[in-house]
Amino acid sequence: MKLILFDIDGTLVITQGAGREATRNAMTEVFGTYGALVGHKFGGKTDWLTLHELLPAAGVSHEEIERRMEAYNVAMGLHLDAIIDQYEVKACPGSLELVEALSRRDDVGLGIVTGNVSSTAPIKLRAAGFDPSLFPVGAYGHEAMDRDHLPALAVARAAEHYRYPFTPAEVIVVGDTLADIACARALGAVAVAVATGFEKVEDLQAAKPDYFLNDLTEFSAVFP
């Protein structure tokens with residue numbers, strides 16, 4: 001059996017700026033500032049790391065950020081849900097078809113490993129046409145600052161949900177950033193890089209993922 005853990009932004013979904021706007025609103029509500037958010041690069045980072053990078057310069061301590069992470073998780077979901085319909089959210093090429101096909105297989109488990117907090121993941125997925133219930137397990141960006149810690153958390157949850165003891169070699173991490181490749185390697189999993197996000201193709205290839213895909217229409221040719 002294989003466990004396939006998908007990133008969301010740039011891998012399954014493009015939200016066209018909705019996530020950044022929700023972040024601005026949630027940071028303002030919970031912390032009273034959004035710091036130097038304009039121009040901030042989110043790619044591959046957990047939401048916790050984004051707060052860690054932006055808020056101390058605005059006078060918010062790391063301890064305060066950690067203490068308020070659950071409140072921030074709730075606020076992000078509320079703010080994203082309020083604005084998501086204003087954005088043309090799109091599924092990345094081949095992603096809807098691939099997830100639907102994989103969900104019908106008995107030898108595959110599906111999950112999410114994302115820098116997003118958990119409250120926003122189903123909102124983004126649903127807006128792009130996915131059924132969030134097809135991803136019964138996951139690990140999220142309010143649960144660790146370092147993305148490298150998330151795959152192991154998702155695998156532990158998958159072992160309980162699917163009642164199968166996945167080994168790292170049976171886990172495939174699919175993402176669009178260098179951080180996705182790195183977190184797969186931190187687990188010892190198979191790293192699949194897909195060039196539908198904002199990372200430069202040459203940078204993804206230079207990181208030597210186990211597999212490089214132009215988009216998810218190519219996934220089934222590599223993993224039939």
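Taken together, the values in this text are just the output of simple stated rules run on the coordinates, not laboratory data. Values in this document were obtained by computation on a predicted structure and should not be read as measured data. Backbone-built Cβ (ideal geometry, glycine too); neighbour counts: all protein chains shown.
Between residue 45 and any residue 5 or more places off or on another chain, the built amide H atoms are never under 5 Å apart. The string of couplings for the range 71-83 from the Karplus curve (6.51, -1.76, 1.60, θ = phi - 60°) is 4, 5, 4, 4, 5, 4, x, 5, 6, 5, 4, 6, 10 Hz, one whole number per residue in order, with x for Gly and Pro.
Only one residue of 159, 194, 171 has its Cα farthest out toward the positive end of the dipole of the range 66-212, where Lys and Arg carry +1 and Asp and Glu -1 on Cβ, and that residue is 159.
Principal axis extents of the C-alpha atoms in the chain (largest first, rounded to whole Å): 50, 35, 33.
Rounded if a/c is under 1.5, else prolate if a/b beats b/c, else oblate: with a ≥ b ≥ c from the C-alpha gyration tensor eigenvalues square-rooted, which is the range 84-186?
Details: a/c = 1.67, a/b = 1.23, b/c = 1.36.
Cα axes put the range 84-186 in the oblate bin.
The calculated FRET efficiency for the pair residue 52 and residue 215, based on their C-beta separation and a Förster distance of 35 Å, comes to about 0.65. Based on Cα contacts under 8 Å between residues 6+ apart, the chain shows a relative contact order of 28 percent. Within the range 121-138, find all residues whose amide N lies under 17 Å from a label point positioned 7 Å from the Cα of residue 100 along Cα-to-beta-carbon. Residues 125-135 qualify, since their backbone N sits under 17 Å from the label point.
Rounded to the nearest Hz, the phi-derived 3J(HN,Hα) couplings of the range 154-162 under the Karplus curve 6.51 cos²θ - 1.76 cosθ + 1.60 (θ = phi - 60°) are 5, 5, 4, 5, 5, 4, 6, 5, 8, where x marks glycine and proline. Taking 23 Å as the limit for the C-alpha separation, the pairs 45/208; 90/208; 90/200; 2/124 exceed it in the case of 90/208; 2/124. For the range 18-86, the convex hull drawn through the C-alpha positions has a volume of 79 cubic angstrom per residue.
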